[in-house]
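The values are calculated or read from the model by the stated rules, or taken from the named source; none is laboratory data. Since we're looking at a predicted model, the values are computed, not measured. Note that each Cβ is placed from the backbone with ideal geometry, even for glycine, and that neighbours are counted across all protein chains shown.
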Amino acid sequence: MNRLTGAAAEKDFLTQVIEKSGQNLLECLQCGKCSGGCPISSEEVGGPRRLIAEILYGMKDEALKDPTWWYCVSCGTCMTRCPVEINMYRVATVLCEMAEHEKVKPCEPDIHLFEELFLKSVEQYGRAKELKVVMNFNMRTLRPFKDLSQGLSLMLKGAIDPKEMFHKSPKDKRIARIFSRVKEKEARG
Amino acid sequence: MKVSYYPGCSLESTGKPYNDSTRQVCDALGVELLEVPDWVCCGSSPALKMNGLLSASLSGVNLALLEKQDLTDVVAPCPFCYRRLLSAQDDMAQDAELKEKVQEAIEADLAGNLKIHNLVELLREKVGLAAIADRLVKPLAGLKVVPFYGCYMVKPRQVTHCADPEDPTALDEILVALGAEVLDWDFKTECCGAGLSLSKTETVIELSGRLVREAAHRGADAIVVACQLCQANLDLRQGQIGKKDKKKYHLPIIYFTQLMGLAFGLAPAALGLKHHLVDPVGLLKKKGLIE
């Protein structure tokens, strides 16, 4: 059983999550409505109730390595049903930012890779080039033929254009500039 | 009625039928959609997850461009884009520090005075059921459908201000106005697995599977959607869901705008109905909605 020791580090972590997310986790009743409705809660993926418990107990390492916030698709079901209206996808953002800042290895490398490739596409082109992201993801995860049959059927139906994958899209310097300005701001704190 | 139009990245690619049918249906209803020039990606769930300021700033760029259009009303058919625009504007109204940071990052000022709509709400509330019924030339008689809202259009309640995020009715009402037989079901706003489609395909097969199974159990001919991500997951994963269940499902996943187009007598070929993996054309022919 994990018991609070009152160490400053425990309080620091909790305070940081509350301040950065704007979500008062101290109000959490641990009622479990969130995990009950959460689409990604399972035996392997603990879900929001357990994640909040980890944060409340100052279990920083566990919280930053909890797959729940990687799996979170920000569906908003937990917040909708939460008696004290905690927005968990805001908590997920804070944990993701902290984990990256502290160089914690992503415990869900596939989700991390997909999200990174998606953002890379936005940074380069200003818009996500979906088919390029799909192709890059399948290549990088060494599964080049994943979903091939669906892809081919859609091509034959004319629903997707394979040229989109290889076509040189124009770069959007505006957005690259915004990415770098955001990074600068974060570096300054 | 003139409305600013923010299509979003998917509607230029895998969600093209949604884009095409939306434009035609709005045109038929006298809603002039003016696409916001030079719009950028809202960052979708990856930005929202990985970097809060970046996510707000990307929406900030779009909000600044939309404000320049000076039309007040904005519509985004993609529910995620819709929720990001709405949420970013609301967050900045409540948090002056965030607003300042975003304005600095995007090098533009924001007034924060836009009325941001999702497409279902715009058509249900601003256009109205009477105007939709007026345009009806081919009622969807005998077509049994379950309406699927997904998550982002309605949840969380505190962000979308949806009156009843567990049991919304706007899409039901539009479909009834079109003459379709709308079946009751409990999964209107359950999650399809969303952006985990590629990275956690098994999870998506499980979650979308629950929806397909229930819709089939209720005796639906089709699932009607208002989100290109829901469309993609339910359509592309249906074969794998069937394999798991040792059954062959054939539930077309049709955009509500495609059905509106058909009911309005628009040319089926231009509505992108042939672009779905689970082919809806056979069903629609059988029901006499396509020749």
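Does B:A111 satisfy the condition of being on the phi < 0 side of the Ramachandran plot, part of a helix (DSSP H, G or I) and small (G, A, S)?
No, not satisfied.
Just to be sure, is B:K2 free of Cβ contacts under 8 Å to residues at least 12 places away in the same chain, more than 10 Å from every other protein chain (Cβ to nearest Cβ) and more than 30 Å from A:V91 (Cα to Cα)?
No; evaluated as a whole, the condition is false for this residue.
Among the residues of region A:15-55, write down those that are buried (at least 17 other Cβ atoms within 10 Å of the Cβ), touching a helix residue (DSSP H, G or I) at 6+ places or on another chain (Cβ under 8 Å) and either small (G, A, S) or modelled with pLDDT under 95 (or both).
A:S21, A:S35, A:G37, A:S41, A:G46, A:G47
B:A269: of a type in the set (A, V, I, L, M, F, W, C), assigned to a helix (DSSP H, G or I) and at pLDDT below 95, yes or no?
Considered against the rule, which asks whether it is of a type in the set (A, V, I, L, M, F, W, C), assigned to a helix (DSSP H, G or I) and at pLDDT below 95, B:A269 comes out as yes.
Which of the numbered conditions does B:K138 fail, given that it passes all the others? Conditions: (1) in contact (Cβ under 8 Å) with a residue 24 or more places away in the chain; (2) under 19 Å from B:Y6 (Cβ atoms).
Evaluating B:K138 over (1) in contact (Cβ under 8 Å) with a residue 24 or more places away in the chain; (2) under 19 Å from B:Y6 (Cβ atoms) leaves (2) as the failure.
Looking at region B:29-49, I want the residues that are touching a residue at least 40 places away in the same chain (Cβ under 8 Å) and have a partner that is of a type in the set (K, R) and assigned to a loop (DSSP other than H, G, I, E, B) with Cβ atoms under 9 Å, at least 6 apart or on another chain. Which pairs are those?
Qualifying pairs under 9 Å: B:L29/B:R135.
Of the residues B:V154, B:V137, only one is within 14 Å of chain A (Cβ to nearest Cβ) and either of a type in the set (F, W, Y) or not in a helix (DSSP H, G or I) (or both); which?
Just a single option satisfies the conditions, and that option is B:V154.
Here is a yes/no grid of residues against (1) assigned to a helix (DSSP H, G or I); (2) within 21 Å of B:R210 (Cα to Cα); (3) among the hydroxyl-bearing types (S, T, Y):
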{"site": "A:L29", "(1), (2), (3)": "no, no, no"}
{"site": "A:G36", "(1), (2), (3)": "yes, yes, no"}
{"site": "A:E44", "(1), (2), (3)": "no, yes, no"}
{"site": "A:L51", "(1), (2), (3)": "yes, no, no"}
{"site": "A:D61", "(1), (2), (3)": "yes, no, no"}
{"site": "A:S74", "(1), (2), (3)": "no, yes, yes"}
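For B:L123, are the conditions met, namely being in contact with a helix residue (DSSP H, G or I) (Cβ under 7 Å, 6 or more places away or on another chain), buried (at least 18 other Cβ atoms within 10 Å of the Cβ) and away from chain A (no Cβ under 14 Å)?
Criteria met by B:L123.
Okay, residues lined up against (1) assigned to a loop (DSSP other than H, G, I, E, B); (2) among the hydrophobic types (A, V, I, L, M, F, W, C); (3) within 14 Å of chain A (Cβ to nearest Cβ):
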{"position": "B:L171", "(1), (2), (3)": "no, yes, no"}
{"position": "B:D184", "(1), (2), (3)": "yes, no, no"}
{"position": "B:F187", "(1), (2), (3)": "yes, yes, yes"}
{"position": "B:V212", "(1), (2), (3)": "no, yes, no"}
{"position": "B:A216", "(1), (2), (3)": "no, yes, no"}
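On the given criteria, is B:L65 within 13 Å of chain A (Cβ to nearest Cβ), of a type in the set (A, V, I, L, M, F, W, C), under 23 Å from B:V225 (Cα atoms) and surrounded by fewer than 24 Cβ atoms within 10 Å (Cβ to Cβ)?
no
Here's the yes/no breakdown for (1) more than 14 Å from every other protein chain (Cβ to nearest Cβ); (2) among the polar types (S, T, N, Q); (3) under 19 Å from B:G52 (Cα atoms); (4) touching a residue at least 60 places away in the same chain (Cβ under 8 Å):
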position	(1), (2), (3), (4)
A:T15	yes, yes, yes, no
A:G36	no, no, no, no
A:P39	no, no, no, no
A:S42	no, yes, no, no
A:R49	yes, no, no, no
A:I52	yes, no, no, no
A:I55	yes, no, no, no
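Tell me, yes or no, whether region B:222-233 has at least one residue that is without any contact (Cβ under 8 Å) to a residue 40 or more places away in the chain and not in a strand (DSSP E or B).
No, because not a single residue in region B:222-233 is without any contact (Cβ under 8 Å) to a residue 40 or more places away in the chain and not in a strand (DSSP E or B).
Any idea which of A:V122, A:V133 is assigned to a helix (DSSP H, G or I) and more than 8 Å from chain B (Cβ to nearest Cβ)?
Within the list A:V122, A:V133, the selection yields A:V133.
Run down B:L85, B:L34, B:L71, B:L66 and say which single residue is in contact with a helix residue (DSSP H, G or I) (Cβ under 6 Å, 6 or more places away or on another chain) and either not assigned by TED's automatic domain parsing to the domain that holds B:Y18 or not polar (S, T, N, Q) (or both).
Within the list B:L85, B:L34, B:L71, B:L66, the selection yields B:L85.
Only residues that are within 14 Å of chain A (Cβ to nearest Cβ), among the small types (G, A, S) and more than 20 Å from the chain's Cα centre (by Cα): list them for region B:248-281, please.
The answer is B:A269, and nothing else.
Is it the case that B:Q228 is touching a Cys at 6+ places or on another chain (Cβ under 7 Å), of a type outside the set (K, R) and closer than 15 Å to B:L11 by Cα?
Criteria met by B:Q228.
Could you list, in sequence order, all residues of region B:85-113 that are within 17 Å of A:G22 (Cβ to Cβ) and not aliphatic (A, V, I, L, M)?
If the condition is that a residue be within 17 Å of A:G22 (Cβ to Cβ) and not aliphatic (A, V, I, L, M), then B:S87, B:Q89, B:D90, B:D91, B:Q94, B:D95, B:E97, B:K99, B:E100, B:K101 are the ones that fit.
Here are A:M79, A:M98: which of them is more than 8 Å from chain B (Cβ to nearest Cβ) and in a helix (DSSP H, G or I)?
Result of the check over A:M79, A:M98: A:M98.
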